[in-house]
Amino acid sequence: MDQPKTARGRETRAAIIETASNLMYLRGARATSLDDVLETAGCGKSQLYHYFNGRSDLLAAVVEHQLETILGDQARFKIDTWSGLRAWFEVLVVRQEEQGFRGCPLGGLAAELLAEDDELRDIVAAAFTRWEQELTATFARMQKTGGLKRSARPGELARHVLSAIQGGYLLSTIRRDPRPMREALNAALEHLGEAR
């Protein structure tokens, strides 16, 4: 749906998305009903259906919200430098533990939505493609400034890092232990170091 034209409308829509994102991260998408979202957000059904075409439309907005949150957080670090990359990885591990080993806000949602329908699967795939493209651009900048060899393949490195992040989240969530995530990200750093 189109964005609301008024500031109040945009605020209400954003509040619904934020509430849905938080609840789905805590409970899972399947265990979060539209009534749960409305009750927590303090909104009525008419407002929900004014801003969204239904559950699938809201889920798509939640995927976008989680991606934007991740990319915004990532942008706080100069991850096109080695020190910035290490600092970002460390924050991912610490936050995973602080948040009770709930996993990746986008990855966990993606795992649930892949079985929903083709449209949502495409939205999830597009979100991960965008995250990968952001990392690819980061490693291309590192390469340009001499932080990586000319022979390095930024796209391949981006996929490796994204796989390490997602695998680290999953294993540390299963074990409720930060070590698997830290080890996965350290292995990613070692792999990147080979392209240095």
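Name, by its number, the condition in (1) of a type in the set (Val, Ile, Thr); (2) assigned to a helix (DSSP H, G or I); (3) surrounded by 18 or more Cβ atoms within 10 Å (Cβ to Cβ); (4) over 14 Å from the mean Cα position of the chain (by Cα) that does not hold for Ile79.
Every condition holds for Ile79 apart from (2).
Does Gly147 satisfy being in a loop (DSSP other than H, G, I, E, B), on the phi > 0 side of the Ramachandran plot and either out of contact with any Ser or Thr (no Cβ under 6 Å at 6 or more places or on another chain) or not hydroxyl-bearing (Ser, Thr, Tyr) (or both)?
For Gly147, the condition - in a loop (DSSP other than H, G, I, E, B), on the phi > 0 side of the Ramachandran plot and either out of contact with any Ser or Thr (no Cβ under 6 Å at 6 or more places or on another chain) or not hydroxyl-bearing (Ser, Thr, Tyr) (or both) - is not met.
Check off (1) open to solvent by less than 70 Å² (accessible area, probe 1.4 Å); (2) not in a helix (DSSP H, G or I) for Asn53 and give me the number that stays unchecked.
Just one mismatch for Asn53, condition (1).
Report the residue count in the stretch 114-153 for those that are surrounded by 19 or more Cβ atoms within 10 Å (Cβ to Cβ) and more than 18 Å from the chain's Cα centre (by Cα).
Residues that pass the stated criteria total 4.
If we keep just the residues of the stretch 95-111 that are more than 22 Å from Phe128 (Cβ to Cβ) and without any contact (Cβ under 8 Å) to a residue 24 or more places away in the chain, which is least open to solvent (accessible area, probe 1.4 Å)?
Gly100
Name the single residue that is farthest from Arg76 (Cα to Cα) among those in the stretch 87-107 being in a helix (DSSP H, G or I) and in contact with a helix residue (DSSP H, G or I) (Cβ under 7 Å, 6 or more places away or on another chain).
At the first step, the residues of the stretch 87-107 found to be in a helix (DSSP H, G or I) are 87-98, 105-107.
Okay, now just the ones that are also in contact with a helix residue (DSSP H, G or I) (Cβ under 7 Å, 6 or more places away or on another chain), so 88-89, 92-93, 96, 105-107.
Numbers: Trp88: 9, Phe89: 12, Leu92: 12, Val93: 16, Gln96: 17, Pro105: 18, Leu106: 18, Gly107: 20 Å.
The residue in question is Gly107.
The values are calculated or read from the model by the stated rules, or taken from the named source; none is laboratory data. Since this is a predicted model, take the numbers as computed values, not measurements. Positions of Cβ are backbone-derived with ideal geometry, glycine not excepted, and every protein chain shown enters the neighbour counts. Heavy atoms of the whole protein, side chains included, go into the accessibility calculation; ligands, DNA and RNA do not. Shrake-Rupley method; radii C 1.70, N 1.55, O 1.52, S 1.80 Å.
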